[in-house]
Every structure is written in C-alpha cells, then in structure tokens.
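Single-structure report; data block below.
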C-alpha cells in the first residue's frame, strides 16, 4: 500500500497538485486521485515515475508489508467461486482495512477463540456445548437471533449489513473477512437474503470468526457448515425430534414446524435428522428426495427477506437502510465510512462501492447521506429519499 502521508507531504514541499503530479507521471488526474484516496496503487513503472516526480526513493512511497486479508465465503449451491467474485471479495477486504482506524474499539479482553480447530464431529459438538453452556441455553432449546447476534458482539465481530440483490451471483448471502494486522473480524451479510436462511449464515460466519480463519478452503467451509448446523439445531434436539417427525402422518410438515420453531430453513433440519438417524443406526428419514427439493425451490420466492422480516419493509430508503441497520445490528461500519470520507475531504462513492461490493448508484446515494450522518439535524432529502 502507498504511504499516502509521505506522498502528500512531498507534494506540498515541491508545490505539486494532483494535476501537475499527473503530468509528471504521464497519467490522468483521476489516476492520481485514486492513488491518493487509496482506491488503487500505481503499477511498477508508474511507481518509479511517481518516485522521480517526488524526488523520493521508491521504498519511501510504500508502507511496510502487512499480512494479507483472509476471506471466506461459499456461493449458492456450493458452486465454484468465479474469478470475478473472488476478486470482488478481496477488493472488499482491502477497502475494509482502510476503515480500521475509524472503528471505535477498546477491547480489554481477548475474544474467545477455538483452540486447534478441526473438522471432527465430536470436536464441533463439544465446541457448541461449551458455547451454549456459556450463555445458558440448553442443547434442545432454540437459539434466538438476538442470542446469535449477541455471540457475534461478544466475540467482537464487526457486522456489515449490505443490500445485495436477491439473486446476486457469487457470495450473495454472507462472507467473512479476517484482517491479521488489526486482528479484526468482519462479517458481511445480505439483507436481501431469505429470512429462514439468515440465522444459518450468521452462525456459519461465526464459525469462521471463532477459528480466526485457521481452517481455510474446503476445510474451513466444512467446519463452518457443521458448526452452524450444530449450533442452531444440535444433535440432542435432532434426536429428540427424529421419532416425533418420522412417526407423524405428514413428516415434511412436522419438519417444517420444527424449522419455524428454531428459526431455520427446513433444509438444515432435515439434514440434521438424517445425521441423527445415522448415528442411531437407523435408516435415513427419506424426507430428502427429488420431490423435496422441487417443492423447496418452488416456494423460495414466497419466503420474506431479512429486510421484510426484520424491518417490515420491502424497500428501504438510503436513510432507512443506514439508520435501521445501525440500530438493529449495532454496526459501526457506516460511521466509519462517514469519517473516512471526511478524512479524505469529501464524497467517495467509488470507495464505498468497493468496500460494500454494491452498485455505484447505491454507493452514490450512500456517499451523499453519510456526509450528513450523525449531524444534529438530518433532512431526508435528495438521494437519501431514493428507494433501494
């Protein structure tokens, strides 16, 4: 990353502005603006030209190397991650890193972290037992969303609610980022995800947080998946439900009622039921077949989104999105984005678009509104009234 304070000081000493520096480096003014805002860094030949223009050694233009961000996410239906999705997620991580100085955190205690995490059934179940015991929730009792968010806050997760499309290709539900240099864990989640899946994704990313991403790739995703299933519908609950559901005259409807009670997708419930049957040496429930998946997919559009369920809104203005997210999820990300913009002297929709991986139109609305954020008076005019 560029050592921007050193560059700006050299420009001031030499009487260079962005236009004259762009001429010296034979690049556009926009390129220099992006360098100085941290949105991009010069290619090697342009880095050399920048050093010559500022009369500095190349090494002085660069900050010391820091540990690379670690990103974890799983795409819909476990499809392979596209190059575009991978690059967007990593770009998001690098932009979140720039918000760290604006996050007001004074941690005194280190967060709870799993020792030597591994993808073993008994290890995962013991981790869940200890977590539930710590917050006083029996293994057969549903874990509420408020309790799940509480686990994230106790850990120190920095929650980032985003408005991705309902059918966004790539990491359309959630992803997590760990920044080793600042030891911060960021959980990005889609408010347009289906509400019955939301607890699962919060638990899935919590699994990544608890391991500090020590397990990566397929091992990391397998761990997070099993952790989420066990945390939300533990084996004790699955064993208790198994006999009742399989003996019911309409077992799929019975499984759906359990899913509703535990605030889960029925998919999580039936997977745990089959796992419980296997442990008990019983045959599979037979609930998961082609007809099950056809029925499940055909009704997905009827399931409300998180925005609809939590806020009672099918659409939100920019102001509603920011204010309601701050209030409900206790997220510091919007305040940090506002302060980052002010530190850079004004609006920067391109930075916001990259930091949240959203379309430039939404980022432009946010950029305007965030400059008014936390001011004594906020009038919801102009772009802040636009519907999302």
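The candidate values were (i) 20.5; (ii) 22.5; (iii) 23.1; the one computed from these coordinates for Kirkwood radius over Cα pairs in Å carries the label (iii).
Rounded to 0.05, the FRET efficiency of the residue 155 and residue 46 pair, given R0 = 41 Å and the Cβ-Cβ distance, is 0.50.
Taking the fewest neighbouring Cβ atoms within 10 Å as the starting point, the ordered list for 297, 97, 183 is 297, 183, 97. With respect to the chain, whose longest principal axis is taken over its alpha-carbon atoms, helix 4-14 is tilted by about 10°.
In whole percents, the pair-distance distribution calculated for segment 230-388 from its alpha-carbon pairs, binned every 10 Å from zero, is 9, 28, 19, 16, 17, 9, 1. Round to the nearest 10 and give me the degree value, 0 to 90, for the angle of helix 195-211's Cα axis relative to the longest principal axis of the chain. Relative to the chain, helix 195-211 is tipped by roughly 70 degrees. Per-residue ellipticity at 222 nm from helix content only, as computed over the chain with -39500 (n - 2.57) for each DSSP H run of at least four residues, stands at -16000 deg cm²/dmol.
If R0 is taken as 25 Å, the Cβ-Cβ distance between residue 145 and residue 116 corresponds to a FRET efficiency of 0.25. For segment 168-260, the equivalent ellipsoid derived from the alpha-carbon gyration tensor has semi-axes of 31, 16, 10 Å in decreasing order. Of the candidates 262, 152, 248, which one comes out as most mobile in a Gaussian network treatment of the chain with C-alpha springs shorter than 10 Å? Maximum fluctuation in the GNM of the chain, among the listed residues, is at 248. Cβ crowding within 10 Å ranks 196, 219 as 219, 196, fewest other Cβ atoms first. Give me D for segment 4-61 in µm² s⁻¹, whole number, from Stokes-Einstein with Rh from the Kirkwood sum over alpha-carbon pairs, 37 °C and 0.692 mPa s. It diffuses with D of about 298 µm²/s by this estimate.
Using only Cα atoms and rounding to the nearest 10 degrees, what angle (0 to 90) does helix 235-246 make with the longest principal axis of the chain? Approximately 50 degrees, to the nearest ten.
Values quoted throughout were computed directly from the atomic coordinates according to the rules given, and no laboratory measurement underlies them. Note that this is a predicted model, so its numbers are computed, not measured. Reconstructed Cβ throughout: ideal geometry from the backbone, glycine too, with neighbour counts over all protein chains shown.
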